[in-house]
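**Q** Structure incoming, see below.
The values are calculated or read from the model by the stated rules, or taken from the named source; none is laboratory data. Keep in mind that this is a model prediction, so the values were computed, not measured. Cβ placement follows ideal geometry from the backbone for every residue including glycine, while neighbour counts extend to all protein chains displayed.
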Amino acid sequence: MDGERMNHDRNHDRVQIFEASTLYGAATLAAALDAGLFGPHAGTRRILLVSNNASVPESAVQLSEMYGYERIASRFDEVISWNAVIHPHHPSEWAPEEDESPIWQRLFRHAWGLGDAPVELAVESIQVNPAQALVTIFAESVIHVYADGLMSYGPTREKLAGPLGSRVQRVLHLDLVPGLRPLLLTETGAEPELVPDDAFTAVLKEIAVEAADDPRLTALADEPPTAVLLGQYLAALRILSAQEEEELHVTMLRGAIAAGHRSIVFKPHPTAPASYSRALDEVAAAEGVRLRVLDGPLLAETLYESCRPSLVVGCFSTAMLTARAYFGVAIARTGTRLVLDRLTPYQNSNRMPLTIVDHLVPDVAVPGAKGGDAAELPALVRTVGFCMQPKMHPGMRAEAAAWLRANIGPDTEYYFRRRRLTSLRLPGGDPLSTAQRLKGNATVRRVVRAARRRLRA
């Protein structure tokens, strides 16, 4: 088992293991630590467990190569590479069987010099690996879940087993949409807790200072971009075709140009395939604007801090909301309704970020468009959340039905699937057939069960 050398002789009252796969997530953890949300450091050994979850980790940018990593890592006593620990397995695939967890825990305690100290876990995406592997191995540990994106406002992907759910203490999250309360893990009784804005922005400033001399950023100094376009990886996820995603980027560019921007930067998503067509360059050349592609180990937020753009355009990237929440930058969207239409199954976790962005953020292709009323968003989010996971939140049914009864129509129907509303017997669905009504009738179900018992007797 590989990892950075540790001081196994250190005395400690407890151990905190922080799992992170992105610099944005690690920055969220650093801000939480700075704000004292994990208690005092004295008597506590803090381990940063880094994981590269890319399909081919060896070909992707490593967390340790990102600007700001060293500053963030300095807040921890040790750093361990999870990829190295479980090599040759992939972090998204490997997890021990539950009945083997005591053996694995003894192995990790010995290898990492944890002794008998109690362990606390801070993990992202608790229902998938590597977080799932960690909570299985350290089966008695309390769990803190931290959320670094818009998915935290949606419901939990799948119901956690009883013992696991009871171990989750809280959900730490950034205040990306002020006033909006996350649904994630609320069914377990875990309470959302905000990571303070000033703590997070201070960490972002640290990262920007470290990246200040990067040649990709200094090359922008002669004509700083006033607009930033954020790419995603929807084709790689097979939500859109490569051509459709290219058209999405072109729409972003045309919208920024129509808004008067002449110096524009395209920031690809860090995990997107490293290939781009000439379509953006051709549009920029035809319109006489300057377009540059900013790739490399840089957060979008570092670009905002360094260049202070006045517009950020994307589809449903979390970096759009950080631009507005922490830098006061105007934002615009495109493609949200196309992606909403393509997204399957209905309970896909991306549905909530899409819903939030589509409601709040103006369409870049519509001159003078304005975003929706933020005061109306919580009720919409809870209604979509119920429709995504009705069995997890049965107490929200009456509220969702009332909202749909009052609001379902041309301006809101793209947030819902008619078939979904029909199956849940909610306003906006199709009228039930006679067979469906009978199937849902409790008396009819009792008669059918009684008849089946008589036939089996």
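**Q** List the pairs whose first member sits in region 74-91 and is over 15 Å from ASN129 (Cα atoms) and in the same structural domain as GLU19 (by TED's automatic domain parsing), whose second member is acidic (Asp, Glu) and not in a loop (DSSP other than H, G, I, E, B), and whose Cβ atoms are under 9 Å apart, counting only residues at least 6 apart or on separate chains?
**A** Final answer for the pair search is ARG75/ASP34.
**Q** When you check TYR153 against the structure, is it within 16 Å of GLU19 (Cβ to Cβ), among the hydroxyl-bearing types (Ser, Thr, Tyr) and under 15 Å from the mean Cα position of the chain (by Cα), yes or no? I'd like the intermediate steps shown before the answer.
**A** Details: within 16 Å of GLU19 (Cβ to Cβ): no; among the hydroxyl-bearing types (Ser, Thr, Tyr): yes; under 15 Å from the mean Cα position of the chain (by Cα): yes.
Against the criterion (within 16 Å of GLU19 (Cβ to Cβ), among the hydroxyl-bearing types (Ser, Thr, Tyr) and under 15 Å from the mean Cα position of the chain (by Cα)), TYR153 does not qualify.
**Q** When only residues in region 179-197 that are within 22 Å of ALA27 (Cβ to Cβ) and within 17 Å of the chain's Cα centre (by Cα) count, which is surrounded by the most Cβ atoms within 10 Å (Cβ to Cβ)?
**A** Across region 179-197, the extreme among qualifying residues is PRO182.
**Q** Further question: Just checking, how many residues over region 141-155 are part of a loop (DSSP other than H, G, I, E, B) and at pLDDT 95 or above? Can you show your working first?
**A** Within region 141-155, the first condition is being part of a loop (DSSP other than H, G, I, E, B), and the residues that meet it are 141, 148-149, 154-155.
Now drop any that are not at pLDDT 95 or above, which leaves 141, 154-155.
Residues meeting the conditions: 3.
**Q** Right, something else. Considering only residues that are in contact with a helix residue (DSSP H, G or I) (Cβ under 6 Å, 6 or more places away or on another chain), within 13 Å of THR336 (Cβ to Cβ) and buried (at least 20 other Cβ atoms within 10 Å of the Cβ), which ones fall in region 360-383?
**A** Residue satisfying the conditions is VAL364 alone.
**Q** Additional query: Between a residue in region 225-240 that is closer than 11 Å to SER317 by Cβ and any residue that is of a type in the set (Phe, Trp, Tyr) and surrounded by fewer than 23 Cβ atoms within 10 Å (Cβ to Cβ), which pairs come within a Cβ distance under 9 Å, given they are 6 or more apart or on different chains?
**A** That search, which allows pairs on different chains as well, returns VAL228/TYR304; GLY231/TYR276.
**Q** Moving on to the next point. Check every one of the strands (runs of 3 or more DSSP E) wholly within region 270-366 and list those with 1 or more residues that are modelled with pLDDT under 95, of a type outside the set (Phe, Trp, Tyr) and more than 24 Å from CYS387 (Cβ to Cβ).
**A** Numbers: elements: 290-293, 311-314, 330-333.
Passing ranges, in order: 290-293.
**Q** Restricting the search to region 407-426, which residues are part of a loop (DSSP other than H, G, I, E, B) and surrounded by fewer than 15 Cβ atoms within 10 Å (Cβ to Cβ)?
**A** Looking only at region 407-426, we keep the residues that are part of a loop (DSSP other than H, G, I, E, B), and these are 408-412, 416-417, 424-426.
Selection gives GLY409, PRO410, ASP411, ARG425.
**Q** Taking region 89-126 on its own, how many of its residues are within 19 Å of VAL145 (Cβ to Cβ), within 24 Å of the chain's Cα centre (by Cα) and either surrounded by fewer than 16 Cβ atoms within 10 Å (Cβ to Cβ) or of a type in the set (D, E, K, R) (or both)?
**A** Number of matching residues: 2.
**Q** Now a separate question. Could you please tell me which pairs satisfy a Cβ distance under 9 Å, a separation of 6+ or placement on different chains, a first residue in region 182-194 that is farther than 15 Å from GLN127 by Cα, and a second residue that is among the hydroxyl-bearing types (Ser, Thr, Tyr) and surrounded by fewer than 19 Cβ atoms within 10 Å (Cβ to Cβ)?
**A** Listed pairs, sorted by first residue: GLY189/SER166; PRO192/THR186.
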